[in-house]
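Here the structure comes first, spelled out in structure tokens, and everything after it is commentary.
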Amino acid sequence: MAVRIQSIEPGSLAHENGLQGGDRIISVNGIPIRDFLDLQFYVNDYQLDFILEDASGSQRELSIYRELAKPLGIIPEDYRHRNCQNNCIFCFIDQMPPGMRKSLYAKDDDYLLSFVYGNYITLTNLQEGDLTRILDQHISPLYVSLHSSNMDLRQELMRSAHPVDVMATLAELSDSGIEFHIQIVCVPGFNDGLELKRTISDLMDKELNILSIGVVPVGLTKYRDGLCQLNSFDQARAAQVLDILDELRTSYKCQIIYPADELFVLAKRPVPEVEYYQDFPQLENGIGMLSLSYANFKKRKRAILKELRQSGGDFVILCSTSAKSLIAQIVKELNLRLKGQKVTLQVIRNDFFGEQVTVAGLITFSDIVMQFSPKKPVTVILPDVIFNHEGFTLDGKSREDVRGALDTPIILMDQLWEAWVCLDKDFT
């Protein structure tokens, strides 16, 4: 139980006091350090008494006195997340094709990553002492994949190796002030209809510290050989879920119940205005993204038009199926204000994962190059979420690969229209 130091920031307090990359932090002020969160939590005192262990196993003691103007400067090694022990019938990772990057097959169910990054966890993976630590360090809010308040149905959906009474766990943590954002992956024939009503009704218990409830449709790819048969959402099923959620929002006078954008798209209903989503608590879950994206576009339209005019030439925006209506409206508004230039739209169908996958973050290089071939000089505008933080698409192609394959200028567009970047130069 210790944290290994990856590196030390030059000029920091740790650097000045002789800490080195490769040292292991055994404790601070007598408190064992288990991971990066412990390190962050326990290094705020004025005097920090470290017990360190070097690569040879020799231990030493060292004290550091904090200074307001100087960072501590300890960069810990990357955290190894706790793996998921469930076997959910709808798990997206189980529906991934073979031969992709190893990191894409990682399944985490780690409460620390839930707190820090907003990853959804099931609470079935908590080990002895985890609940105590959550309470002691007030690790809140947590993002919880609930799916159903019916224990038997939840187990049928999740096939957990260690099922828990999730509602009892939520109640126990709520008693001590821990708050939650809840996710329900809705699977037709399982936890929709009356079961969905029951689950959300159970969550309306005033003793539970629920900050938001997001309902998202199950995502099914074409790679389901050997997996159980599941039904996808169609227009009628999506409309039924929206009606249920609207009824619950009204009957409970509760504004924290949010359908995913995809449900509105599937039901062919307009996406609500930004006020519906309050402070957008589940934006990273695809809830409110379309509404906020359009609102931000309206705010920035004048600046965007200026940049397009300065850049010159025509443009084509490539988008996902789910964003088609939004981007079509944006294209229409841009063209009304442009003279001698034109913006067009092309929807990229997801042949890689299957047509039922419709979000921008799952567009691949292969689908772009197979479906788009510019007939004349044009600048391509791509959603930047097709690349990960390292600059690679899901099928492992770099920004340079995409630029070379399309052989045309490319602008990466932030989904919220807050920043644009040209692959050749800044375009913000």
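The values are calculated or read from the model by the stated rules, or taken from the named source; none is laboratory data. Fair warning: this is a prediction, and the values are worked out from it, not measured in the lab. Cβ atoms come from the backbone with ideal geometry, glycine included; neighbour counts cover every protein chain shown.
Things worth noting here:
- When residues in the stretch 239-283 are screened for being farther than 18 Å from H147 by Cβ, assigned to a helix (DSSP H, G or I) and not basic (K, R), 17 of them pass.
- Out of K107, K70, K102, one residue alone is closer than 24 Å to L220 by Cβ and surrounded by 14 or more Cβ atoms within 10 Å (Cβ to Cβ). It is K107.
- Any hit, the stretch 382-397, residues being more than 21 Å from the chain's Cα centre (by Cα) and among the aliphatic types (A, V, I, L, M): no
- Hey, L135 hydrophobic (A, V, I, L, M, F, W, C), in contact (Cβ under 8 Å) with a residue 24 or more places away in the chain and under 30 Å from G21 (Cβ atoms) or not: no
- Failed criterion for L52 (all others in (1) aliphatic (A, V, I, L, M); (2) closer than 24 Å to V216 by Cβ; (3) in a strand (DSSP E or B) hold): (2)
- Hits in the stretch 1-18 - residues which are buried (at least 17 other Cβ atoms within 10 Å of the Cβ) and either in contact with a helix residue (DSSP H, G or I) (Cβ under 9 Å, 6 or more places away or on another chain) or acidic (D, E) (or both): V3, I5, I8
- Any hit, the stretch 223-236, residues being assigned to a helix (DSSP H, G or I) and on the phi < 0 side of the Ramachandran plot: yes
- Conditions (1) hydrophobic (A, V, I, L, M, F, W, C); (2) closer than 26 Å to V274 by Cα; (3) under 32 Å from the mean Cα position of the chain (by Cα); number of the one not met by L308: (2)
- Between Q127, Q137, the distinction of being out of contact with any Leu (no Cβ under 8 Å at 6 or more places or on another chain) and either under 19 Å from H81 (Cα atoms) or not assigned by TED's automatic domain parsing to the domain that holds N388 (or both) belongs to Q127 only.
- Within the stretch 373-383, being surrounded by 16 or more Cβ atoms within 10 Å (Cβ to Cβ) and either in contact with a Gly (Cβ under 7 Å, 6 or more places away or on another chain) or not in a strand (DSSP E or B) (or both) holds for V378, T379.
- Among the residues making up the stretch 275-285, those that are surrounded by fewer than 20 Cβ atoms within 10 Å (Cβ to Cβ) and more than 21 Å from F115 (Cβ to Cβ) are E275, Y276, Q278.
- Scanning the stretch 315-336 finds no residues that are assigned to a loop (DSSP other than H, G, I, E, B), out of contact with any Cys (no Cβ under 8 Å at 6 or more places or on another chain) and exposed (fewer than 14 other Cβ atoms within 10 Å of the Cβ).
- Top-ranked residue in the stretch 337-367 [being without any contact (Cβ under 8 Å) to a residue 24 or more places away in the chain and loosely packed, with under 15 Cβ neighbours inside 10 Å; ranked as farthest from G312 (Cα to Cα)]: D351
- Count of residues meeting criterion [surrounded by fewer than 19 Cβ atoms within 10 Å (Cβ to Cβ) and either of a type in the set (A, V, I, L, M, F, W, C) or in a loop (DSSP other than H, G, I, E, B) (or both)] in the stretch 143-166: 9
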